[in-house]
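Shown next, in structure tokens, is the structure this report addresses.
The values are calculated or read from the model by the stated rules, or taken from the named source; none is laboratory data. Predicted model, so just to flag it, every value in this text is computed and none were measured. Using ideal geometry, Cβ is built from the backbone for each residue, glycine included, and neighbour counts are taken over all protein chains shown.
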Amino acid sequence: MTSSMRAIVLHGKEDLRIESVPMPEPATGEVVLRVGAALTCGTDLKVYRRGYHAKMLVPPTLFGHEVAGTVAAIGPGVQAWETGDRVVALNSAPCGVCLFCRKLQPNLCSDLLFNNGAYAEYICVPARIVEKNTLPVPVGLPFEHAALTEPLACVVHGFEESGAQAGDTVAVIGAGPIGLMFMRVAAIAGCRVIAVVKRDDQVASARRFGAVETVQIAEGSDTVDRVRQLTEQGEGADVVIECVATPNTWQEAVAMVRKGGVVNLFGGPPAGTQVCFDTNRLHYGDITLKASFHHTPETCRRAFALIVSGTAKPEEFITASASLEAVPEVFRRMIGRAALGVLDIKTAVFPGVAG
């Protein structure tokens, strides 16, 4: 291994640069991966636009967190892995001893250890993630498919917490990458999926990813009423999952769920955002509000199983590819394409491909 490598460094708001940085050296319990593939992510895009992440990143810093690759070096004490092993390393791992871990809520761990630096030739995986959240990638499974484990694990966690059962009607608001993943997971579980989308291209995408009905938002049209008309006796969906993160869609989610139903407010609005709900409907409708966050080691494994088996059809989430050198342009394009209303699900970044 050389003494330096190429990596993408976040310097601030919309400021990504490819630089030569020191090659990571694994400490006790750590491994260094040669990155096979890294995936773009909506969270990364938000960080890029804001220039920081309060919990995970302070610039200048290495960037990216959805990654799979080959073990290139191991630190002292590592016994589970050898150089040459194909693995997917998740972006976090809980401590296992804090209040929330003991309450079986490791996604809320008080000392949740995050890892970033996927957009690089190599990435060092901390010992805790090596121990708790690194999984073997079967020969033949593309690295870009394995790297989908992290976002899919968040969706699996959110779906399981929503309590949907086979035969239930699940309304998913939003057809971005996370919304499409919820549609796919709900369809796999045997649910009847109604997708609430904004653009023409999202109608086709929603149906491809599992929706049997689509409601397209249109000026002058009552979205909530149209969704309810598609449910049994017009009572509303059994479960509504909100993936847009605006106050209006949070309110609509509560309005389109049936009495006794569950709303998962999965999309997270910016800090300080406030929403008004009809408390009469919440109380007398016996409505449950959930807000799921992140993933757990268990949901990571269940998500990975959906990928390895092919059930999740991971190839359908990869819509573009790029070299490491192209990453700054990829993120500039992601902002522009979002403004134009063009669907990009995931771009796979391959550091080994020449720019």
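Quick look at the values:
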item: Single residue of the range 269-323 satisfying the filter (part of a helix (DSSP H, G or I) and basic (Lys, Arg)) that is farthest from the chain's Cα centre (by Cα); result: 281
item: Count of the range 333-345 residues which are closer than 19 Å to residue 64 by Cα and either at pLDDT 95 or above or assigned to a loop (DSSP other than H, G, I, E, B) (or both); result: 2
item: Residue in the range 225-243 that is surrounded by fewer than 24 Cβ atoms within 10 Å (Cβ to Cβ) and within 27 Å of residue 272 (Cα to Cα) present; result: no
item: Residues that are closer than 22 Å to residue 298 by Cα, in contact with a Cys (Cβ under 7 Å, 6 or more places away or on another chain) and part of a loop (DSSP other than H, G, I, E, B), drawn from the range 161-206; result: 164, 166
item: Cβ-Cβ under 6 Å pairs, at least 6 apart or on other chains, the range 156-177 side touching a residue at least 12 places away in the same chain (Cβ under 8 Å) and within 22 Å of residue 246 (Cβ to Cβ), far side crowded, with 22+ Cβ neighbours inside 10 Å and among the charged types (D, E, K, R); result: 173/242
item: Residues within the range 150-189 that are under 23 Å from residue 33 (Cβ atoms) and out of contact with any Asp or Glu (no Cβ under 8 Å at 6 or more places or on another chain), tallied; result: 3
item: Unmet criterion (only one of (1) out of contact with any Pro (no Cβ under 8 Å at 6 or more places or on another chain); (2) farther than 21 Å from residue 190 by Cα; (3) among the β-branched types (Val, Ile, Thr)) for residue 262; result: (2)
item: Number of the condition not met by residue 135 [criteria: (1) under 23 Å from residue 106 (Cβ atoms); (2) buried (at least 23 other Cβ atoms within 10 Å of the Cβ)]; result: (2)
item: One residue from 219, 213 being farther than 21 Å from residue 307 by Cα, modelled with pLDDT of 95 or more and either in contact with a helix residue (DSSP H, G or I) (Cβ under 9 Å, 6 or more places away or on another chain) or surrounded by fewer than 24 Cβ atoms within 10 Å (Cβ to Cβ) (or both); result: 213
item: Matching residues, the range 28-63, being among the small types (Gly, Ala, Ser) and touching a strand residue (DSSP E or B) at 6+ places or on another chain (Cβ under 8 Å); result: 36, 37, 38, 51
item: Neighbours by Cβ (under 7 Å, 6+ apart or cross-chain): first from the range 19-37, closer than 17 Å to residue 353 by Cβ and in the same structural domain as residue 325 (by TED's automatic domain parsing); second of a type in the set (Gly, Ala, Ser) and outside any strand (DSSP E or B); result: 35/118; 37/147
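Okay, residues lined up against (1) modelled with pLDDT under 95; (2) within 24 Å of the chain's Cα centre (by Cα); (3) among the hydrophobic types (A, V, I, L, M, F, W, C):
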{"site": "35", "(1), (2), (3)": "no, yes, yes"}
{"site": "41", "(1), (2), (3)": "yes, yes, yes"}
{"site": "47", "(1), (2), (3)": "yes, yes, yes"}
{"site": "69", "(1), (2), (3)": "no, yes, no"}
